[in-house]
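Heads up, the thing below is written out as structure tokens.
Where a number appears in this text, it was derived from the coordinates with a stated rule and is not lab data. As the structure is a computational prediction, the values presented were derived from the model and not from experiment. Reconstructed Cβ throughout: ideal geometry from the backbone, glycine too, with neighbour counts over all protein chains shown.
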Amino acid sequence: MKRALITGVTGQDGAYLAALLLSKGYEVHGLLHRHGGSEAVAERLHRLGCNGTVQMVDGNLIDLSSLIRLLQKVEPDEIYNLAAQSFVRMSWDQPLLTAHVTALGTGNLLEAVRIAAPRARFFQAGSSEMFGRAEGRAQSEASNFHPRSPYASAKVFAHCLVGNYRDAFGLFACNGIMFNHDSPLRGVEFVLRKITDGAARISLGLAKDLSLGNLEARRDFGHSRDYVRAMWLMLQQETADDYVVATGRAASIRDLCRIAFGHVGLDYEAHVRVDPAFLRPADVDVTLGDPTRARERLGWEPETSLEAMIAEMVDADLARWRARAG
């Protein structure tokens with residue numbers, strides 16, 4: 001039985017990844033920082049039918065000694081580092097916290113792996129935000145990084161450090177450059193979930209309007225369930241490498257509104273408002289990924305379309321609000 005350690009198990013990716021690994025017979029351990037809410041862990045894992053089957057262990061990404069002790073205790077075969085301060089807009093309000101957790105936290109974990117678990121296979125969750133205003137139509141593993149936020153800058157640092165530890169110490173360490181991915185487990189502070197939740201509430205008469213930022217920004221959106229499968233595939237290869245994980249299709253925030261509101265028979269233009277408070281100090285116009293390497297080397301393809309994912313998310317939000325209403 002393989003043993004895996006997941007940081008960020010409280011998030012949507014952590015929950016979907018835990019469910020995937022459990023289905024493959026893994027023993028799964030989830031890093032739980034006691035400052036985080038165990039209620040969120042239980043809620044997401046419960047919704048995927050695997051609550052109570054993940055062994056929660058204490059640790060903190062900004063405390064190297066705790067990570068070393070944790071790895072010595074768990075002895076994982078695979079480590080998936082999904083933990084981060086991952087809300088881009090918030091990174092402007094908390095840039096140093098973002099750097100400590102997202103950048104230096106990855107450094108601490110890599111150093112702990114080098115010391116205590118050098119044979120473990122390591123996955124680092126990167127972000128399409130690292131490309132920023134990258135040149136070219138679609139971003140691949142060879143594209144240059146132009147980070148446009150503290151979050152993206154922290155992710156670039158972590159990405160480079162993974163490559164350094166792979167080259168200098170021979171660790172089996174992979175970067176997954178993950179383009180936007182969502183699901184019904186996504187936090188409502190993220191734009192697509194905010195849209196699907198807003199469409200559900202408005203269709204049920206619980207709200208009238210939805211305030212958003214830049215409607216013209218275009219993003220490459222996929223489903224978390226598909227993307228965690230790519231993470232696992234990276235650690236099953238003979239050699240470690242970096243991979244873009246994306247659909248190769250970009251949609252504007254306006255498109256997302258049209259699809260989500262259309263799913264409940266509404267015209268988004270009658271309800272969506274642009275609020276300058278939600279505009280980023282420096283935004284990225286378009287993110288579009290080129291997943292050729294993942295397709296050719298991993299045999300990975302996304303299985304859920306944008307429309308199907310949005311419909312799944314809206315339906316889940318409708319069910320949640322109806323349940324609250326009794």
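With R₀ fixed at 22 Å, the C-beta to C-beta distance from Glu296 to Asp167 puts the FRET efficiency at about 0.40. In this calculation the C-beta distance from Glu111 to Glu141 is compared with R0 = 25 Å, giving a FRET efficiency of 0.50. Applying 1/(1 + (r/R0)^6) with R0 = 35 Å to the Cβ-Cβ distance of Asn51 and Ser305 gives a FRET efficiency near 0.75. In terms of packing, defined here as the mean over residues of other Cβ atoms within 10 angstrom, the peptides 180-191, 198-209, 116-127, 46-57 line up highest first as 116-127, 180-191, 198-209, 46-57.
Rg/Rh for the chain to two decimals, with Rh computed the Kirkwood way over all alpha-carbon pairs.
Working: Rg = 19.3 Å, Rh = 20.1 Å.
When Rh is taken as the Kirkwood radius, the ratio is 0.96.
Adding -39500 (n - 2.57) for every DSSP H run of four residues or longer, then dividing by how many residues the chain holds, sets the calculated 222 nm ellipticity at -12000 deg cm²/dmol.
Nearest 20 debye, what's the magnitude of the dipole of segment 197-326 about its Cα centre given +1 on Lys and Arg Cβ and -1 on Asp and Glu Cβ?
Numbers: 17 positive and 22 negative charges, 94 e Å.
Dipole about the Cα centre, nearest 20: 460 debye.
Counting only C-alpha contacts under 8 Å and six or more residues apart, can you give the relative contact order of the chain as a whole percent? Relative contact order for the chain comes out at 17 percent. Spin-label model, Lys2/Ser252: points 7 Å from Cα along the beta carbon direction are separated by 4.2 nm.
Could you work out the percent of alpha carbon pairs in segment 145-186 separated by over 15 Å, rounded to a whole number? Don't skip to the answer; put the middle values down first.
On the way: 471 of 861 pairs.
I get 55 percent for the Cα pairs in segment 145-186 exceeding 15 Å.
Restricting to bridges with both residues inside the chain, how much of the DSSP beta-bridge set is antiparallel, in percent to the nearest 5?
On the way: 3 of 36 bridges.
Of the beta bridges lying entirely in the chain, close to 10 percent run antiparallel.
Largest GNM mean-square fluctuation across Ser211, Ser140, Ser128, computed for the chain with C-alpha springs under 10 Å, falls on Ser211.
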